[in-house]
Amino acid sequence: MTLAESTEVPARTPELARVENLTLQERVYRALREAVMAGRFQPGQVLTVHHLAEVLGTSAMPVRESLGRLAAERALDMLPNKSVRVPLLSRARFDDLWRTRALVEGEAAALAVHAATAEERAAIVAHNEALLAALDGGAGDTARERNQAFHFAIYRAARNAVLLPIVESLWLQWGPPLAMAYRRHSALGASLTASTVHRHGSLVAALAHGDCDAARAAMSGDIADAARLFAEMYDFAAGSPRGGGAERNGP
C-alpha cells in the first residue's frame, strides 16, 4: 500500500438518525425509572417483582434486573430478603438530598445562562407558563409533570454531559417526595404557587438577562423552598404525610 492509498479519505457518509433498537430489559428499566422519577411510588413502598411483571405484561427476569439497576443508582433500596423498597425518608437523608440538589442544579442553571439557545429559552418560558396554569387549576399531577419539564429544559440547555446524569440520579431519589407534595397541592395551596411564581420567574429573568449568579440563586432557592414545604407536610417519624396515612401511588 502506498502512502497515498493509506491516507485516502473515505467518501462522506450522509447524516442519518440512529435507529433505536431497545431490548425488552431496557424498555422495562426505562419504564420503571420514569415511574420512580415521576413519584408513582411512595416513600417506603415495597415493590414486588411478580406484581410489576404482571402490570408491565412481561416476565420476571427483566423486572428483577431493572430493579437491581435502580438499586445500584440509589433510587431503590435492596432489603435483606431480596425485596425492593422505595427509600424511606429520614430527615437526615432528606436534608442531604435537597442540599445536594441545590448545589448541583444551581450550577446547571448558571451554565445554561450562556449555553441556552433562543429556542431553548422560549421553550423554558412555555414550560413555566404551563406549570403555572396547572397550579392555578389545582391539577397536582399535571403540575408535577410541567415542573419536571421546566427544570430539565434548563438542565439540558446547560450542555454538560457529566452534570446531567448526576441531576437525573438526584431526581430519581427526589421523585416520590416531590410527587407527594404536588398531590397535596390543595393542602399546600398558596404557599407552593407563590414560591413557584417567584423562583421560576427569577430563573426566567436571569436566563433572559445573562445573569449566572441570579440563575444559580433562583434555582437553589426554588429547591430549598420545595424542601421546606414538603418538610412541613411530612411526618418523617411516621413515614407519611401529616394528618393522614400513606398515599397509594404507582401501578
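Observations on the model:
- Each Lys and Arg Cβ is given +1 and each Asp and Glu Cβ -1; about its Cα centre, the range 24-85 then shows a dipole of about 60 debye.
- Inter-label distance, Ala194 to Leu79: 4.1 nm, where each label sits 7 Å from its Cα along the C-beta direction.
- Seen through its C-alpha gyration tensor, with square-root eigenvalues sorted a ≥ b ≥ c, the range 24-85 comes out rounded because a/c lies under 1.5.
- Estimated dipole of the range 91-238 in Debye, rounded to 20 [Cβ of Lys and Arg +1, of Asp and Glu -1, Cα centre]: 200 debye
- Relative to the current alpha-carbon distance between Asp211 and Asp136, full extension at 0.36 nm per residue lengthens the span by 24.1 nm.
- Leading residue at positive end of dipole, the range 91-238 (Cβ point charges), from Gly106, Leu170, Gly138: Leu170
- Proportion of all alpha-carbon pairs of the range 91-238 beyond 28 Å (%): 13 percent
- For the chain, the longest site-free run once GluC sites (Glu not before Pro) in DSSP loop states with at most 15 other Cβ atoms within 10 Å are removed: 74-251
- Cα-only radius of gyration and Dmax that characterise the chain, units Å: 21.0, 82
Rule-based calculations on the coordinates, nothing more; no lab input. Because the structure is a prediction, the values reported are computed rather than measured. As a convention, Cβ positions derive from the backbone with ideal geometry for all residues, glycine included, and neighbour counts pool all protein chains shown.
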